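Asks: First the structure, which I've put down as structure tokens, then a few questions once you've had a look.
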Amino acid sequence: MTNIFKPQQESLILTRKMVFYGIIFITPTLFFENISFNLAPLLEPKIFLNLLFVAFFASAFCFILWNKAIILIGSIRTNIYVYLTPVITLFASVIFLDESIQSLAIAGMILVLSGVFVATRR
């Protein structure tokens, strides 16, 4: 099996490769879907700045960190920790959005943490 992650490569290069191949393979779907684009809302500063934030911080920066984690601890262990995303999101929504934690969210958090615990014990 070929490994695309070589320790001497930097995370930024790996991220660039993954985004490039993602664009190449997703582009043909535009020809099979009935999609219309309305770019007018992007001219609003608030929407444009939100899009930039998502593109650079929530996507690119996190993708670089994810690739670095794969290099450091391996793909299997890294992907186990990806399952912690809902738990982190739950706490972030409480801190930043003043949302309350519901009992269903607590049950889901317990299940996620249990799964991560079991997976890391192996």
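The values are calculated or read from the model by the stated rules, or taken from the named source; none is laboratory data. For clarity, every value in this text was computed on a predicted model and none was experimentally measured. Glycine also receives a Cβ, built like all others from the backbone with ideal geometry; neighbour counts cover every protein chain displayed. Quick note on the areas: whole protein, heavy atoms, side chains included, nothing else; ligands and nucleic acids left out. Shrake-Rupley method; radii C 1.70, N 1.55, O 1.52, S 1.80 Å.
Asks: So which residues in the range 60-86 are more than 30 Å from Ala107 (Cβ to Cβ) and within 13 Å of the chain's Cα centre (by Cα), if there are any at all?
Replies: Ala60, Phe61, Phe63, Ile64, Asn67
Asks: In this structure, does Ser36 turn out to be at pLDDT 85 or above and part of a loop (DSSP other than H, G, I, E, B)? I'd like the intermediate steps shown before the answer.
Replies: On the way: at pLDDT 85 or above: no; part of a loop (DSSP other than H, G, I, E, B): yes.
No.
Asks: Then there is this: Just to be sure, is Asn50 polar (S, T, N, Q) and part of a helix (DSSP H, G or I)?
Replies: Answer is yes for this residue.
Asks: Within the range 1-17, how many residues are at pLDDT below 80 and open to solvent by less than 90 Å² (accessible area, probe 1.4 Å)?
Replies: 6
Asks: Now for a separate question. I need a count of the residues in the range 22-36 that are of a type in the set (Phe, Trp, Tyr) and surrounded by 10 or more Cβ atoms within 10 Å (Cβ to Cβ).
Replies: Count: 0.
Residues checked against (1) in contact (Cβ under 8 Å) with a residue 24 or more places away in the chain; (2) hydroxyl-bearing (Ser, Thr, Tyr); (3) touching an Asp or Glu at 6+ places or on another chain (Cβ under 9 Å); (4) exposed (fewer than 10 other Cβ atoms within 10 Å of the Cβ):
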{"site": "Asn38", "(1), (2), (3), (4)": "no, no, no, yes"}
{"site": "Glu44", "(1), (2), (3), (4)": "no, no, no, no"}
{"site": "Thr78", "(1), (2), (3), (4)": "no, yes, no, no"}
{"site": "Met109", "(1), (2), (3), (4)": "no, no, no, no"}
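Asks: Can you tell me which condition Ile101 does not meet? The list is (1) free of Cβ contacts under 8 Å to residues at least 60 places away in the same chain; (2) in a helix (DSSP H, G or I); (3) not hydroxyl-bearing (Ser, Thr, Tyr), and all the others hold.
Replies: Tallying (1) free of Cβ contacts under 8 Å to residues at least 60 places away in the same chain; (2) in a helix (DSSP H, G or I); (3) not hydroxyl-bearing (Ser, Thr, Tyr), Ile101 fails exactly one: (2).
Asks: Go over the candidates Val54, Val87 one by one and state the one that is open to solvent by less than 50 Å² (accessible area, probe 1.4 Å) and not acidic (Asp, Glu).
Replies: Val87
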